1. Please turn the phi angles of the stretch A:249-263 into ³J(HN,Hα) values with the Karplus equation 6.51 cos²θ - 1.76 cosθ + 1.60 (θ = phi - 60°), one per residue in order, whole Hz, x for glycine and proline.
2. Please list, in chain and number order, the residues 5+ apart from residue A:310 or on another chain whose amide H is under 5 Å from its amide H, with Hs placed from the backbone.
3. If you plug each phi of the stretch B:127-142 into the Karplus form 6.51 cos²θ - 1.76 cosθ + 1.60 with θ = phi - 60°, what whole-Hz ³J(HN,Hα) values come out, in order, with x for Gly and Pro?
4. Dividing the Cα radius of gyration by the Kirkwood radius, what Rg/Rh value follows for the stretch B:41-326?
5. Based on the alpha-carbon gyration tensor of the stretch A:266-331 and its eigenvalue square roots a ≥ b ≥ c, which shape applies: rounded if a/c is under 1.5, prolate if not and a/b is larger than b/c, or oblate?
6. For the stretch A:165-177, take each phi angle, set θ = phi - 60°, evaluate the Karplus expression 6.51 cos²θ - 1.76 cosθ + 1.60, and give the result in whole Hz per residue in order, putting x for glycine and proline.
7. Would you tell me the mean number of C-beta atoms belonging to other protein chains that fall within 10 Å of each C-beta in A:197-210, as a whole number?
8. How would you rank B:74, A:133, going from fewest to most other Cβ atoms within 10 Å of each one's own Cβ?
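All of the numbers you see were taken from the coordinates with simple rules; none came from a lab. Quick caveat, the model's predicted, so the values are computed rather than measured. We place every Cβ from the backbone using ideal geometry, glycine too, and count neighbours over all the protein chains shown.
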Amino acid sequence: MSILKTLLTSATVAATLMAMPAHAQETKRIALVVKALGIGFFEAAAKGAEEAAKELGDVEIIYTGPTDTTAEGQIEVINSLIAQQVDAIAVSANDTDALVPTLKKAMDRGITVISWDSGVAAAGREMHLNPSSNPLIGNMIIKLAADHLPDGGDVAVLSATTTSTNQNTWIEEMTKVQGNYPGINVVTTVYGDDKADKSYTEAQGLMQSYPDLKAIIAPTSVGIVAAAQAVTDAGKAGEINVTGLGLPSEMAGHVASGASKSFAIWNPIDLGYSATMIAYNLATDKAEAKAGGSIPMGRMGSVMLDDNTEGAMADPFVYDSSNIDDFKDIF
Amino acid sequence: MITQFIKSREALLLLAIAIVIALVSTRFPDFAAPANAANIFNDTSILIMLALGQMVVILTRCIDLSVASNLALSGMVVALINSIVPGLPVPILLIIAISLGMIMGACNGILVWKLDIPPIVVTLGTLTIFRGIIFLISNGEWINAHEMSASFKAFPRFELLGLPVLSWMAVLTVIVFAIIVIRTPLGRAFYAVGGNPHAAVYTGIDVGFTRFMAFVIAGGVSGLCGYLWVSRYAVAYVDIAGGFELEVIAACVIGGISIAGGIGSVGGAVLGALFLGIIKNALPVINISPFWQLAISGSAIIIAVAVNARSESKKGRVILKKAEQTT
């Protein structure tokens, strides 16, 4: 009796063990690891990942992350994902280097690892997906201003601090493509230090110094809100268009008031969708992450990888009065 | 009387302000136009109010580094209340903001009074604590323009006799402070405690309580400014007014309020704040490189302190101005 029981148990265990890999081949389990849970931006990305999963059919999304934005928390989460033997990990990292050893371990076990949004050093991932690229952003911010100025006019830039790397790069890229927008005259760049009060005062100064100002480009979320408020308070909403990069939740009021006709930011839904598509294609060997290669990502086209195996998803997504209500509660 | 005024700090500051305005006007003619002047005053209102609150604290030989955090926390609380109960009238929010600010000021005051901890240490601590609380109650999220009710945002912008309510609030605060400092026993006690704490004890003044009251008053002003700030810029988040306490202290120093306590006037604090406000508004319109802007603001502070130190070294500390004049 007891021998029979032992035999039966062993048989069941063996069957389960044999069934496991077969099961894993059926559905790919892709883990979306975010900086921290409970952040609107990442919740939206998870929505995009689910959309991709539905489209692919045989994918299960594990949306996870630490409760606060620490690298330690992410390492713990990734370790448990390795133990669960997921097929792919797509991570938005809290630290470029700290996650590398853990992610290497994951790759050693045959898990596909990519980073998105916030990258990991090249040694710790197969590829990195940037939401957009500096040239695309630089082009987008001036295009946003030009789109509403068919006859051209004076525009000014309200940046963050004089030393902000991101903003400086974007403004530099913007200057490069300025020639493609004839009639758009960038008069000056001022710095609001990413403080509401200083940005507000600088925006007021711009309106005084350049009475013919037609648009203010603020590639910073604090600056764009402060400039929109300053324009509204000066009674020039509709006259001066405040545009640039901002978050829909923060800009909803100013789009409604007419101070901002449109602005841009990457779309987190598309980002989660693309990351999932890439992870799936890499995990199923339908594509390979190598410098100069390209990886398809469903409805978003395909991503081209540079020498550093990084790629840019798309142009920043434009928000205006037609779609802001759909996004203002998301992030 | 007139000669006394010409020699005073206030006159010197007025002269400095006039020179700055004249210089800016050569490059930007409309700078001194009434509309723009009103704009600058409105822009500087919050700084003026906070400088007055800080002044009474500094007069008692203390310092309050937590004013900006206090402002941010009060502002965040009223913004949160407004986003949850949009129907609550503004006067009630004002009372909430002021009371909350006073409670925070009282925390500082109690620690300085009863535990005798140096004020710079106490307020350095509460500065971080208040910011931390904002993070806790808001979860680090922003309260944005569309989440605030229309009346919440309209109040400081409402124009009365050509000036927005925000400016009138500053005018009102100046008057109230002038009355407190010049006409009340408490106001005179501020000077006595700062000028010579030991002598003040002998005249029957409770030094600890006087300092406590100074912190409560400064806290109340910060609370009021919290609402005004959030409503004016139509946004509330953890970092609002970050580092503003230093600007407030700078305004006091430029206005001739001695960090060593006991010396200073309402007029000085107002002019000091206006001086900074004018510089802040002038630099963007005359196209000075942002790298220079910081250096210029910094130099103004050091020059002010240098002038201060020279004028103070000549005179002894004055406890009771009236008494000194009569003898």
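1. Result, rounded to whole Hz: 5, 7, 9, 3, x, 7, 6, 5, 6, x, 5, 10, 7, 6, 8.
2. Placed amide hydrogens put A:128 under 5 Å from residue A:310.
3. These are the phi-based 3J(HN,Hα) values: 3, 6, 4, 4, 4, x, 5, 4, 4, 5, 6, 9, 6, x, 8, 8 Hz.
4. Values: Rg = 18.9 Å, Rh = 19.3 Å.
Result: Rg/Rh = 0.98.
5. Details: a/c = 3.25, a/b = 2.16, b/c = 1.51.
Prolate.
6. Coupling constants for the stretch A:165-177: 4, 4, 4, 4, 5, 5, 5, 4, 5, 5, 4, 4, 9 Hz.
7. Numbers: counts 12, 4, 1, 5, 8, 6, 1, 7, 9, 2, 1, 8, 6, 1.
Partner-chain Cβ atoms within 10 Å, mean over residues of A:197-210: 5.
8. Details: B:74 33, A:133 18.
Going from sparsest to densest Cβ surroundings: A:133, B:74.
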